[in-house]
Amino acid sequence: MSEGNQDSVDLSLLDGIMDGYDADRDNLISILWSTQNLYGYLPESALLRIARFTGFPPAAVMGVSSFYTQFRMTPVGKYLILLCKGTACHVSGVGAVEAALRAYLELPQDGTTEDGLFTLEGVACIGCCCLAPAMMINGKTYGHLTPGYAVGILRELRAKEEAK
């Protein structure tokens, strides 16, 4: 991490988070989680501030934040799609659903659409095996997916955004 990086986030918002914790290394993951909930990802400037607060070297904070898959280092789209790739979803045809979503979103791999509207992430399991294949979008679960049904959900969300 470089001290000169200037991402465009309001670091004063971190004060409210840090006020809730002691400047203790044991609180690092909780602080990172709260920071990601605040910004939607972990901005580099926030990681530097967290390093100073906790007493960890910046490289250690970056190491922890990049080790755990639940932490994001880049912003996500307005709609975060978590596509379950667990065993039940796998055997129920999530591969075809994934191919349809990627084609619709024009994403060759996990990532965010150019318009910033959708982020697609494959995840190990969302805990809804009885609904396989399943996905979550911003915390709402959709199950018994087919390729057409999954793409239809995204089309409805896009139309809703375009109508605004």
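Here is a check on your reading of the model: is Ala59 loosely packed, with under 14 Cβ neighbours inside 10 Å, in the same structural domain as Ala23 (by TED's automatic domain parsing), assigned to a helix (DSSP H, G or I) and at negative phi? For Ala59, the condition - loosely packed, with under 14 Cβ neighbours inside 10 Å, in the same structural domain as Ala23 (by TED's automatic domain parsing), assigned to a helix (DSSP H, G or I) and at negative phi - is met.
If you filter the range 17-67 down to residues that are in contact with a Pro (Cβ under 8 Å, 6 or more places away or on another chain) and among the hydrophobic types (A, V, I, L, M, F, W, C), you find that the one that is nearest to Tyr79 (Cα to Cα) is Leu47.
Residues in the range 122-164 that are touching a residue at least 12 places away in the same chain (Cβ under 8 Å) and assigned to a strand (DSSP E or B) were compared, and the one that is surrounded by the most Cβ atoms within 10 Å (Cβ to Cβ) is Met135. Among the conditions (1) free of Cβ contacts under 8 Å to residues at least 40 places away in the same chain; (2) touching a helix residue (DSSP H, G or I) at 6+ places or on another chain (Cβ under 8 Å); (3) of a type in the set (Lys, Arg), the only one that Lys78 does not satisfy is (1).
Scanning the range 23-34 finds no residues that are in contact (Cβ under 8 Å) with a residue 40 or more places away in the chain and buried (at least 18 other Cβ atoms within 10 Å of the Cβ). Of the residues Thr87, Thr119, Thr112, the single one that is among the polar types (S, T, N, Q), farther than 20 Å from Gly152 by Cβ and either crowded, with 17+ Cβ neighbours inside 10 Å or in contact with a strand residue (DSSP E or B) (Cβ under 9 Å, 6 or more places away or on another chain) (or both) is Thr112.
Against the conditions (1) buried (at least 17 other Cβ atoms within 10 Å of the Cβ); (2) among the β-branched types (Val, Ile, Thr); (3) within 16 Å of Ser34 (Cα to Cα); (4) under 21 Å from the mean Cα position of the chain (by Cα), Thr74 satisfies every one except (1). When Ala59 is tested against (1) out of contact with any Ser or Thr (no Cβ under 8 Å at 6 or more places or on another chain); (2) more than 26 Å from Asn27 (Cβ to Cβ); (3) at pLDDT 95 or above, just one condition goes unmet, and that condition is (2).
Whether any residue in the range 139-148 is touching a strand residue (DSSP E or B) at 6+ places or on another chain (Cβ under 6 Å), among the β-branched types (Val, Ile, Thr) and either modelled with pLDDT of 95 or more or over 12 Å from Ile81 (Cβ atoms) (or both) is what I want to check. Among the residues of the range 139-148, not one is touching a strand residue (DSSP E or B) at 6+ places or on another chain (Cβ under 6 Å), among the β-branched types (Val, Ile, Thr) and either modelled with pLDDT of 95 or more or over 12 Å from Ile81 (Cβ atoms) (or both), which makes the answer no.
The values are calculated or read from the model by the stated rules, or taken from the named source; none is laboratory data. Because the structure is a prediction, the values reported are computed rather than measured. Here the Cβ is made from the backbone with ideal geometry for all residues, glycine too, and neighbour counts use every protein chain on show.
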